[in-house]
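To start, the structure itself, in structure tokens.
The values are calculated or read from the model by the stated rules, or taken from the named source; none is laboratory data. The structure presented is a predicted model; accordingly, all values stated were derived computationally and were not measured. No Cβ is skipped: glycine too gets one built from the backbone with ideal geometry, and neighbour counts run over all protein chains shown.
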């Protein structure tokens with residue numbers, strides 16, 4: 001049976017990308033990474049992908065119109081036969097055209113329990129608000145920021161002594177587990193989306 005082909009988009013070090021790659025290597029995730037694409041040439045994640053012998057591409061975004069840039073991204077992902085697109089620290093909003101090119105086939109992971117604290121600095125937002133639990137969310141990507149249907153969430157307790165760094169590290173450890181689990185859930189096909197709800201199919 002053909003393995004699902006993942007396309008990873010990243011802008012930085014790509015720690016979630018590395019966690020996915022490690023899960024595949026360890027047999028915890030039945031998939032293969034078909035392409036790693038960055039919008040920044042100096043992203044450490046690109047070098048990490050090359051070191052692992054993966055197909056890595058840089059499609060610079062700076063100074064280009066979003067539609068033109070995203071059209072090149074779409075073409076590259078299709079050329080590589082990607083089945084599921086996974087954002088791993090990709091710091092750029094996707095255009096509606098990109099989202100429509102891969103309907104319900106784009107995943108993101110966000111360091112909060114959405115819909116709380118979307119956007120940047122989610123950990124700082126959580127601390128400033130005084131929540132007792134933070135966490136991470138794997139969700140489908142739609143045309144709005146951190147808004148798509150939630151696939152799974154993992155809570156993380158917030159301690160009185162926490163600063164942004166300490167909380168971020170504990171959330172990141174859960175992200176590395178959650179993303180593999182979320183990808184596996186989607187690739188299984190054993191679910192349907194009802195309104196805004198991800199619903200697992202019951203065994204026959």
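What to note about this one:
- Total residues in the range 163-186, condition free of Cβ contacts under 8 Å to residues at least 60 places away in the same chain, touching a strand residue (DSSP E or B) at 6+ places or on another chain (Cβ under 9 Å) and closer than 11 Å to residue 123 by Cα: 2
- Of the strands (runs of 3 or more DSSP E) lying entirely inside the range 101-204, the ones with 1 or more residues being within 18 Å of the chain's Cα centre (by Cα) are found at 106-110, 133-140, 150-157, 197-200.
- Filter result (touching a strand residue (DSSP E or B) at 6+ places or on another chain (Cβ under 9 Å) and closer than 18 Å to residue 16 by Cβ) within the range 120-144: 122, 123, 134, 135, 136, 137, 138, 139, 140, 141
- Hey, residue 36 surrounded by 17 or more Cβ atoms within 10 Å (Cβ to Cβ) and in a loop (DSSP other than H, G, I, E, B) or not: no
- In the range 13-30, the residue that is surrounded by the most Cβ atoms within 10 Å (Cβ to Cβ) out of those that are more than 13 Å from the chain's Cα centre (by Cα) and part of a loop (DSSP other than H, G, I, E, B) is 29.
- Answer from 140, 98 - the residue that is assigned by TED's automatic domain parsing to the domain that holds residue 27, surrounded by 16 or more Cβ atoms within 10 Å (Cβ to Cβ) and modelled with pLDDT of 95 or more: 98
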